[in-house]
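What follows is a set of notes on a single structure, which appears directly below.
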Amino acid sequence: MKIVKIIAIVLLVVFVGIQFIPSSRNQSDSVPETDFMLVNDVPENIQNKLQVSCYDCHSNNTQYPWYNKVQPVAWFLEDHIKEGKAELNFNEWDSLSTRRKTSKLRSIIKQIENGEMPLDSYTFIHRDARFSEAEAEEIINWVTQLKDSL
């Protein structure tokens, strides 16, 4: 019984201690000229849905939830955002070649069709980030038109 108390105290001290280890934040005060929304004529309804469902992980400006201040959750979010931006950063859209843009648009279409994006781990908490069937179809159709026009 005494060993359980010692383990619990050590775990509590470690948990409190890691709260003082800072994590980086993915926030910017400006929207670059290379941003996807600025470069393309994105309809407002699609623009709003992409902002809510994609931009937190795929841009340079994440809207952080309250629980981002709690470790190790902040580390998980930081890693998740880095991975998302490495795959696609909407803020750097216009710096991509036409070939790369076409590839990214194909990937967006495929992942939405397969229900891979937005991630379940994100939509579990951010319910408004989910795509309805109509929204998914509308976005897929618009992205397909954009891809074909490149």
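Quick grid of which residues meet (1) aromatic (Phe, Trp, Tyr); (2) within 29 Å of residue 137 (Cβ to Cβ):
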position: 57; (1), (2): no, yes
position: 63; (1), (2): no, yes
position: 66; (1), (2): yes, no
position: 72; (1), (2): no, no
position: 79; (1), (2): no, no
position: 84; (1), (2): no, yes
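Within the range 84-98, how many residues are under 15 Å from residue 57 (Cβ atoms), surrounded by fewer than 14 Cβ atoms within 10 Å (Cβ to Cβ) and in contact (Cβ under 8 Å) with a residue 12 or more places away in the chain?
Residues in the range 84-98 being under 15 Å from residue 57 (Cβ atoms), surrounded by fewer than 14 Cβ atoms within 10 Å (Cβ to Cβ) and in contact (Cβ under 8 Å) with a residue 12 or more places away in the chain: 1 in total.
Just give me the residues in the range 13-52 being assigned to a helix (DSSP H, G or I), open to solvent by less than 40 Å² (accessible area, probe 1.4 Å) and modelled with pLDDT of 90 or more, in sequence order.
36, 37, 46, 49, 50
Give just the number: which of (1) open to solvent by 80 Å² or more (accessible area, probe 1.4 Å); (2) polar (S, T, N, Q); (3) within 22 Å of residue 65 (Cβ to Cβ) does residue 114 not satisfy?
The failed condition is (3).
The values are calculated or read from the model by the stated rules, or taken from the named source; none is laboratory data. Everything quoted here is computed from the prediction, not taken from an experiment. Note that we place each Cβ from the backbone using ideal geometry, even for glycine, and neighbour counts take in every protein chain shown. Just so you know, the surface numbers come from the protein's heavy atoms only, side chains and all, with ligands and any DNA or RNA stripped out. Shrake-Rupley method; radii C 1.70, N 1.55, O 1.52, S 1.80 Å.
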